[in-house]
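**Student:** I am attaching a structure below and will ask some questions about it afterwards.
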Amino acid sequence: MKRCVLHIDCNKFYASVECLYRPELRDKPMAVGGDPENRHGIILTKNEIASKYGLTVGEPLWKARQKCPDLVVVPPNYPLYLRFSALARKIYEDYSEFIEPFGLDECWLDVTGSEKSGEEIAHEIRKRVKSQLGITVSVGVSFNKVFAKLGSDYKKPDAVTVIDESNYKDIAWSLPCGDLLMVGRSAQKKLNAYGINTIGDLADTDVAVLKSLFGKNGEMLHSFANGTECSPVRHKDEISDVKSVGNSTTAPRDLVNEEDVKTVFRVLCESVSTRLREKGLKGRVVTIYVRDKELSSFSRQMKIPANTDISTEIFYYAMKLFCTNYFWNKPIRSLGVSVSDFDVTYEQFDFEKTVENREKQERLETAVDSLRRRFGNYCIGRACQLKDTELSKFNPHEEHIIHPVGFFS
């Protein structure tokens, strides 16, 4: 049976919902963004009017206002967006039980075997969302998830694009390689340096070359470009395994030395370790994320000797990764840390009582968790954090927002 996959993308989702509830904003350039005073001042999304000024997602608000002085910025209202995401999903459930989220505003549907064609279903969903929710969606229809997503991005807003076996070379292969799923800015820059500019160029490139550039991900990109990706759309009730647990933050001021980084990492690592214990998980890979003042970023990871949920261990390896890989060319704006590679392992006891000491540390941190649940996050803390309360006074554990998982989760 011929496979049929839809990818539905709610157009300018946050901005569309805000304009629905605040009609006075509909005729103005507006954006949903973070709080500039807390340095979370970037554009999360913007309406069509703001797009005409050349504003881009992720752009700092100060820079956006230089392009558009009349820009109206509203703070994000995640509970409202979650509600609309759930309402849209209710509509999707009328057409398939195979629904896989890709962020709050995107979903894949597998409608293989339906009485109506994929294009008919796509137009029906588009019209229903517009009529019942007051927002618009763009829908891609294809034979796999990658090209379905490419289709939803191809024509916006309020549109349907079919990319099938007969036309994918004409439509997809002429597009920039950066339009392909999983090709970010750094990957596109590397591909362009080798003369690989379009998705067609990527499809024609030898797999061995791509593997030499990206490792095993090179083979994945070759599959995506050639339309041979065939991962299934998950059932709507399927619960994905947790792949990693992490937190990140934008600091209230630039981090200019190692002590600043330690202060922020300690808070993040305590939050991550608490969340690991809440989920009953221990991980063996620690990853850090660093973004500098100019918004250039990188991540690094390392495998550690034993699975852990202990904040002091996570902190130790986070700092080790940081000190090995960052050379202070620029001040730092944001930091993140995560733990992954979860498994059940049995630890070897030794004469240095390594296991017993780690168990003692874990009991101590569990007791701190209990105190914070009962009396609040700031009832107990490390004395060293009092040196700079501007950097340490944040609570990523309670402020953490869980969004639907991504493509490889």
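Here, each number is a calculation from the coordinates, and none is a lab measurement. Remember, it's a predicted structure, so these values are computed and weren't measured experimentally. Cβ sites come from the backbone with ideal geometry, for glycine too, and all protein chains shown count toward neighbours.
**Student:** Search the structure for amide H atoms under 5 Å from the amide H of Val72, placed 1.01 Å from N in the peptide plane, and list their residues when 5 or more places away or on another chain.
**Tutor:** Hits under the 5 Å cutoff: Met30, Ala31.
**Student:** While we're on this one: Once phi is turned into θ = phi - 60°, what whole-Hz ³J(HN,Hα) does the Karplus curve with 6.51, -1.76 and 1.60 give for every residue of region 222-234, x standing for Gly and Pro?
**Tutor:** My calculation for region 222-234 gives 5, 5, 4, 5, 8, x, 9, 5, 9, 5, x, 7, 5 Hz in order.
**Student:** Show me, for region 104-113, the HN-Hα J-couplings you get by feeding each phi into the Karplus relation (A = 6.51, B = -1.76, C = 1.60, θ = phi - 60°), rounded to Hz, glycine and proline as x.
**Tutor:** Calculated HN-Hα couplings, in order: 5, 10, 9, 8, 9, 10, 9, 10, 4, x Hz.
**Student:** Using Cα centres only, tell me the gap between region 379-398 and region 277-335 in whole Å.
**Tutor:** 18 Å
**Student:** Could you work out the longest stretch of the chain that avoids the GluC sites (Glu not before Pro) located in DSSP loops with at most 14 other Cβ atoms within 10 Å?
**Tutor:** 1-92
**Student:** What percent does the relative contact order of the chain come to when contacts are Cα pairs within less than 8 Å and at least six residues apart?
**Tutor:** 14 percent
**Student:** Under 5 Å between amide H atoms, partner at least 5 residues away or on a different chain: which partners does Phe102 have, H built in plane at 1.01 Å?
**Tutor:** Under 5 Å from the amide H of Phe102: Cys107, Trp108.
**Student:** Quick one: Karplus J couplings for region 131-138, per residue in order, coefficients 6.51, -1.76, 1.60, θ = phi - 60°, nearest Hz, x for Gly and Pro?
**Tutor:** Taking θ as phi minus 60°, the curve returns 6, 8, 10, x, 10, 10, 10, 10 Hz for region 131-138.
**Student:** Quick one: check the C-alpha center-to-center distance for region 69-145 versus region 1-35, whole angstrom.
**Tutor:** Centre-to-centre (Cα) distance: 11 Å.
**Student:** Could you work out, for region 244-399, what percent of all Cα-Cα pairs fall into each 5 Å distance bin, beginning at 0 Å and stopping at the bin that holds the largest distance?
**Tutor:** That works out to 2, 9, 19, 21, 20, 15, 9, 4, 1, 0, in percent per bin.
**Student:** What spacing in nm lies between the two simple spin-label points modelled at Lys189 and Leu87, each 7 Å away from Cα in the Cβ direction?
**Tutor:** 4.1 nm
**Student:** Shifting gears a bit: Where does the chain land at 222 nm, in deg cm²/dmol rounded to the nearest 500, when only DSSP H runs of n ≥ 4 count, each adding -39500 (n - 2.57), divided by all residues?
**Tutor:** Result for the chain: -12000 deg cm²/dmol, rounded to the nearest 500.
**Student:** Which of the chymotrypsin sites (Phe, Trp or Tyr not before Pro) found in region 294-393 are in a DSSP loop and have at most 13 neighbouring Cβ atoms, other than their own, within 10 Å? Could you put the intermediate results ahead of the total?
**Tutor:** Values: sites: Phe298, Phe315, Tyr316, Tyr317, Phe322, Tyr326, Phe327, Trp328, Phe342, Tyr346, Phe349, Phe351, Phe375, Tyr378; in loops: Tyr326, Phe327, Trp328, Tyr346, Phe349, Phe351.
Taking region 294-393 and a limit of 13 other Cβ atoms within 10 Å, the loop chymotrypsin sites (Phe, Trp or Tyr not before Pro) found are Phe327, Trp328, Tyr346, Phe349, Phe351.
**Student:** If I compute Rg and Dmax of the Cα atoms in Å from the structure I just sent, which labelled value in [x] 21.1, 62; [y] 21.8, 72; [z] 23.4, 72 lines up?
**Tutor:** [z]
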